[in-house]
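Q: Let me give you the structure first, and then I'll get to my questions.
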Amino acid sequence: MKRPELQIAYRNGRVVAIRPREPEPMALGPLARETGFKVSPLCARFNLSDRQFHRTFNDSLGISPKDWLRRERMVQARQLLLEGLPIKEAAAELGFPSTKDFSREFQTFYEVSPTDFQRRHDAERNRRLE
């Protein structure tokens, strides 16, 4: 039986792509950001059709690449906000067309607005420093 061109797996808390001829697994988080959190450029990076990539991803992780990219984008959004990046800059950094779109997606995902998220984090940090 032919070995698959690509395997997707969790390694050390990260999602990685494993290719038979590559010495090291490739972390998909940074690659997701490089490809603008879009499935098609990610497929092109691995020389696979959208359908083939979707099947490989779904079989490996039980989630579609689109859903994983959305989650990954929101994890990175949370990290940027925790680092103190202004909301407008975080939205631009993650490729959102507008701050409003970013805020809506963040609110839907985390059930808190980015502004409230940062305020809560800042308040917690200030409490710890006192």
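The values are calculated or read from the model by the stated rules, or taken from the named source; none is laboratory data. Note that the coordinates shown come from a computational prediction; the quantities given were computed from them, not determined experimentally. Cβ atoms come from the backbone with ideal geometry, glycine included; neighbour counts cover every protein chain shown. Each accessible area value is taken on the protein alone, full model and side chains, heavy atoms only, with ligands, DNA and RNA left out. Shrake-Rupley method; radii C 1.70, N 1.55, O 1.52, S 1.80 Å.
Q: Over all directions, what mean area does the Cα convex hull of the chain project, stated in square nanometres?
A: 9.6
Q: Accessible area, 1.4 Å probe, largest first: how do GLU130, GLU83, GLU124 sort?
A: GLU130, GLU83, GLU124
Q: So how tilted is helix 114-129 from the main axis of the chain? Cα-based, degrees 0 to 90, rounded to 10.
A: So the inclination is approximately 70 degrees.
Q: By how many degrees, 0 to 90 and rounded to 10, does the Cα axis of helix 65-82 deviate from the longest principal axis of the chain?
A: With both axes taken from Cα atoms, the answer is about 30 degrees.
Q: In addition: The stretch 27-71: D in µm²/s via Stokes-Einstein (Kirkwood Rh, Cα pairs, 37 °C, 0.692 mPa s)?
A: It diffuses with D of about 319 µm²/s by this estimate.
Q: Where does helix 50-61 land angle-wise versus the long Cα axis of the chain, in degrees 0 to 90, nearest 10?
A: Long axis of 50-61 versus the principal axis of the chain: about 70 degrees.
Q: Right, something else. Compute the FRET efficiency between GLU34 and VAL112 as 1/(1 + (r/R0)^6), taking r as their Cβ-Cβ distance and R0 = 22 Å, and round to the nearest 0.05.
A: 0.20
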